[in-house]
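As structure tokens, the structure follows; a few thoughts come after it.
The values are calculated or read from the model by the stated rules, or taken from the named source; none is laboratory data. Just so you know, these numbers come straight off a predicted model, no measurement behind them. Every residue, glycine as well, gets a Cβ built from its backbone with ideal geometry; the counts of neighbours run over all protein chains shown. Note: areas computed on protein heavy atoms with side chains; ligands, DNA, RNA excluded. Shrake-Rupley method; radii C 1.70, N 1.55, O 1.52, S 1.80 Å.
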Amino acid sequence: PPANVGRAPGPPDGGWGWVVVVGAFISIGFAYAFPKGIAIFFKEIQDFFGTSYGEIAWVSSIMLATTYGAGPISSILVNRYGSRPVVIFGGLLCGIGMVSAAFCTSILQLYICVGFITGFGLALNLQPSVIIIGKYFLKRRPIANGLAMAGSPVMLCTLAPLNQFLFDNFGWRGSFLILGAILLNCCVAGALFRPIRAAPASVKPQVTEEGKDALKEEVTEEAMEMSSPTNVPMANKTEEEGGKDCCEKINQYLDFSLFKHRGFLIYLIGNVLMFLGFFAPIVFLAPYAKHIGIDEYSAAFLLSILAIVDMIARPTTGIIANSKWVRPRIQYFFSFSIAFNGTCHLLCPLASGYTGLVVYSIFFGLAFGMVCAMLFETLMDLVGAARFTSAVGLVTIAECCTILLGPPIGGTLIDTFGDYKYMFIKCGAVMVLAGSFLFIMNYYNYRMLAKEEKERKAKEEDPKSVRTENEGRNNWNKETAQDGPELEPLREEQEGLKKEVNGT
């Protein structure tokens, strides 16, 4: 082995990490806010192409689903190349997708350019930004996550009126060209993601220890060869090793053993259900306001109100979640946030005028910010930082199905009944159900973890179990000593090698 072996450094919890948070603020902001911000153009694009609410909703839906569904690809690229080049490449894809969308002549071409190309670029921005924060922060991670997640409401607050201004002056095609140029700022954000260099650990070369290890390995290999009942052909061994290598490579990027993790499965099921009603209310908020006769700028301002409240809610939630009272049971807080979000949607049909929609936007922004601030923190709390990269990839690929279906189902309900209230009721009911499921199952998970920990401690403290283990070792040694004469030459050789190594 080399004299200097790379040692994984601990999270610095500050320093350049705050610059990384600024970059993540920009990348996460565009990844989350952009699919909601372009909803400003939906009414006009719908009239231009003569499509229904359900068909135009697929634009945001495909973009969101691609952003989440490409999570495993993004995780693999981050593990292979690091966060910085992946985010820069994602920013370039976002710009190319929106510039291409400006020349589209059909709704299908919009699905491809805006939905798939721009959505994939946003996926390459989202995952690396979340992952690199976990590498730079440990103790202050909830606060750092809350600040980075605040990028979404800040961008939404800016994009909503900006998009309306761009549309009034340049039309939707000119607006898409300008937005493509704005999205290139993701490349600048990616340049801030400086990787943490491995600290060299000084290891003194010890010839004696290396000699011992080498001799032990040789003796062990000979013992395995001599004690094997049959000689396996080398071709079969090579095939088996190749299969193992392939599985190990796949597992290196995506740890499928997480599906045996009870807490991860609870989180996955609850989130998949939640996303069925998570994004549709934001996508249809501005069109709903225009539908009931509110002017365009006032409708866009509703998204800005939501974003301003969301902006305050995310870092505040991060600080609360980092407190000693909440962090040990952060899963309960997350469950409450989801149920609170759903309750807001259930009450939205009671808002008859603009004042009612402003009140709804305030409470919706608060609930939305609470959920988003803890979305990844709760996952890292369950699986740990070491398995977090794989967990994010697996969760996003599972969530993309319900994210894809959520807005189109809402649009279909609007087309069928001619009223937006059924869409809000559907989203609210689904989210209340998801929050209740997570609360009950997390309570069960905490009880099981406490029980398992108690049993483990009791087993360690029980002298009988220790005595049984010692007896088992002694019996195994006796059985080994009573082996047949065919292993006697091997034992003599081992004894000789031991004496040689020890200098006797």
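Some points to look at:
- Summarising the label geometry, the points placed 7 Å from Cα in the beta-carbon direction at residue 440 and residue 350 lie 2.6 nm from one another.
- Summarised as an ellipsoid, the stretch 269-312 has semi-axes of 24, 15, 5 Å, derived from the eigenvalues of the Cα gyration tensor scaled by 5 and square-rooted, with the largest first.
- 3J(HN,Hα) from dihedral phi, the stretch 177-184, Karplus parametrisation 6.51/-1.76/1.60, rounded to Hz, x for glycine, proline: 4, 5, 5, x, 5, 5, 5, 5
- Of the residues 271, 425, 333, the one whose Cα sits farthest toward the positive end of the charge dipole of the stretch 255-461, with +1 on the Cβ of Lys and Arg and -1 on the Cβ of Asp and Glu, is 333.
- Ranked packing of 319-328, 259-268, most packed first, by mean Cβ within 10 Å: 259-268, 319-328
- The overall shape of the stretch 115-180 is oblate: from the C-alpha gyration tensor, with semi-axes ordered a ≥ b ≥ c, the ratio a/c is 1.5 or greater and a/b is no larger than b/c.
- Rounded to the nearest 10 square angstrom, residue 412 shows an accessible area of 70 square angstrom against a 1.4 Å probe.
- For residue 431, the accessible area of its heavy atoms, probed at 1.4 Å with every protein chain present, is near 0 square angstrom.
- Residue-wise HN-Hα coupling along the stretch 71-86, computed from phi with Karplus coefficients 6.51, -1.76, 1.60 (Hz; x: Gly, Pro): x, x, 4, 5, 5, 5, 5, 5, 5, 8, 10, x, 6, 4, x, 5
- For the stretch 11-196: accessible area per residue (Å², 1.4 Å): 32 Å²
- Computed accessible area, residue 285, all protein chains, 1.4 angstrom probe, square angstrom: 0 Å²
- The stretch 406-430 and the stretch 311-357: distance between their alpha carbon centers, rounded to Å: 22 Å
- Across the stretch 189-194, coupling constants 3J(HN,Hα) worked out from phi with the 6.51/-1.76/1.60 Karplus curve, θ = phi - 60°, read 4, x, 5, 7, 7, 6 Hz, and Gly and Pro carry x.
- Average silhouette area of the stretch 11-196, convex hull of alpha-carbon atoms, in square nanometres: 9.6 nm²
- Relative contact order of the stretch 267-375, defined on C-alpha pairs under 8 angstrom at six or more residues apart (%): 36 percent
- Against the empirical curve 2.2 N^0.38 Å, the C-alpha radius of gyration of the stretch 255-461 lands at a ratio of 1.13.
- Heavy-atom surface of the stretch 255-461, accessible at 1.4 Å and reported per residue (Å²): 41 Å²
- Exceeding the 23 Å Cα-Cα cut-off - candidates 139/260; 135/451; 36/290; 135/457; 324/459: 139/260; 135/451; 135/457; 324/459
- Legend: calculated FRET efficiency, residue 47 to residue 421, from the Cβ-Cβ distance at R0 = 25 Å, rounded to 0.05, equals 0.60.
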